[in-house]
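Asker: This is the structure I have questions about; it appears just below.
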Amino acid sequence: MESPIFSEIVSTEWLDENLNDPSIKVVQVSFTNDDLEFKKEHIQGSVWWYWKSVLWHETDRSFPSPEDLAIRLGTFGIDSETTVVLYGDPVQFGTYAYWVLRMCGHQKVCVLDGGLKKWKAEGRDLTDIQSTFEQKRNSSFDELSSFSVGRENVLQNLRSSVRLLLDVRSFEEYNGERVMPPPGFDHGAERTGRIPGATHLFYGQLINEDGTFKENNELRSVIEPICGSTDSDKEIVVYCRLSHRATLVWFAMVFILGYSNVQVYDGSWTEWGSIVGFPIEK
């Protein structure tokens, strides 16, 4: 793909050349709470995170405080000077982790384009050796960012002419046939459907088979007919079921194409589809 506008995304080639840099920490972020496959093979020096245990509040379905996240990162040898390279299993959990770390104040963070899938496809070295590191003592990070909106904000702006609500789930979810994408057990909210007025854009249209983001002109051909160009005055709010797929679209729009008016509805459908009195449509 073309060089990104910012440095928030790095290639497998770049990471391979910089693996021995002590200022870099590579992190695999997993959807399942099972590190067995990671222990069998992973990128040299990387550590494993279960997304909910590191990126969520200990008891609430919300983000950790900046102070709490700083302490958690310190247990993995990460401080404010560490560049964190994230890759997801699957890919959207890398962008989800990026989103949370930036909102909690860690600035030196980037996403590995294509992640482990592309790394393996290129035949790059993997290891089963577990990395060791010195724990860091962090109190908090600075420069918190705001990339999310809550349910009340979404509810109050349902009829706004200057906001586009973008549903990036599967067609079956958007159309009210399922709560989560097929196949498998259908769960995650009390109701099926979509937020009233939401426009559909399937997140999978933005990535290639190897997990990399599509070329910039391909991304624009998918996004611009729905969202307008990067200089549009319209505010865009993206959601999915648990907000991880939404962060992949948000990341592509903001850090690859250069949109400046995109945010993620953090509760997404698991919240909206379960709240008494909140409207839905199918």
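Asker: Do any residues in the stretch 96-109 that are among the β-branched types (Val, Ile, Thr) have Cβ atoms under 7 Å from those of residues that are crowded, with 18+ Cβ neighbours inside 10 Å and assigned to a helix (DSSP H, G or I), where the two are at least six apart or on different chains, and which pairs are they?
Answerer: Val100/Leu55; Val109/Tyr98; Val109/Leu101; Val109/Arg102
Asker: On the basis of being in a loop (DSSP other than H, G, I, E, B), modelled with pLDDT of 95 or more and either in contact with a strand residue (DSSP E or B) (Cβ under 9 Å, 6 or more places away or on another chain) or assigned by TED's automatic domain parsing to the domain that holds Gly204 (or both), does Arg159 make the cut?
Answerer: No, not satisfied.
For (1) among the aliphatic types (A, V, I, L, M); (2) within 30 Å of Trp119 (Cβ to Cβ), each residue gets a yes or a no:
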site: Phe171; (1), (2): no, no
site: Tyr174; (1), (2): no, no
site: Val179; (1), (2): yes, no
site: Pro182; (1), (2): no, yes
site: Thr192; (1), (2): no, no
site: Asn208; (1), (2): no, yes
site: Phe213; (1), (2): no, yes
site: Pro225; (1), (2): no, no
site: Ser232; (1), (2): no, no
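Asker: Also, quick follow-up: I'm trying to understand the selection: among the residues of the stretch 102-127, which are β-branched (Val, Ile, Thr) and either at pLDDT below 95 or buried (at least 18 other Cβ atoms within 10 Å of the Cβ) (or both)?
Answerer: Scanning the stretch 102-127 gives Val109, Val111.
Asker: As an exercise: evaluate Trp250 against (1) at positive phi; (2) touching a strand residue (DSSP E or B) at 6+ places or on another chain (Cβ under 9 Å) and give the number of the one condition it does not meet.
Answerer: Unmet condition: (1).
Asker: Follow-up question, since we're still on this one. Provide a single number: the residues in the stretch 182-198 that are free of Cβ contacts under 8 Å to residues at least 40 places away in the same chain and within 15 Å of Arg245 (Cβ to Cβ).
Answerer: 1
Asker: If you don't mind, another one. Just a yes or no: is a residue in the stretch 204-218 of a type in the set (Ser, Thr, Tyr), in contact (Cβ under 8 Å) with a residue 60 or more places away in the chain and not in a helix (DSSP H, G or I)?
Answerer: Yes, the conditions are met somewhere in the stretch 204-218.
Asker: Run down Val54, Val91 and say which single residue is within 19 Å of the chain's Cα centre (by Cα), surrounded by 18 or more Cβ atoms within 10 Å (Cβ to Cβ) and touching a residue at least 60 places away in the same chain (Cβ under 8 Å).
Answerer: Val91
The values are calculated or read from the model by the stated rules, or taken from the named source; none is laboratory data. Owing to the predicted nature of the structure, the values given are computational and were not obtained by experimental measurement. Using ideal geometry, Cβ is built from the backbone for each residue, glycine included, and neighbour counts are taken over all protein chains shown.
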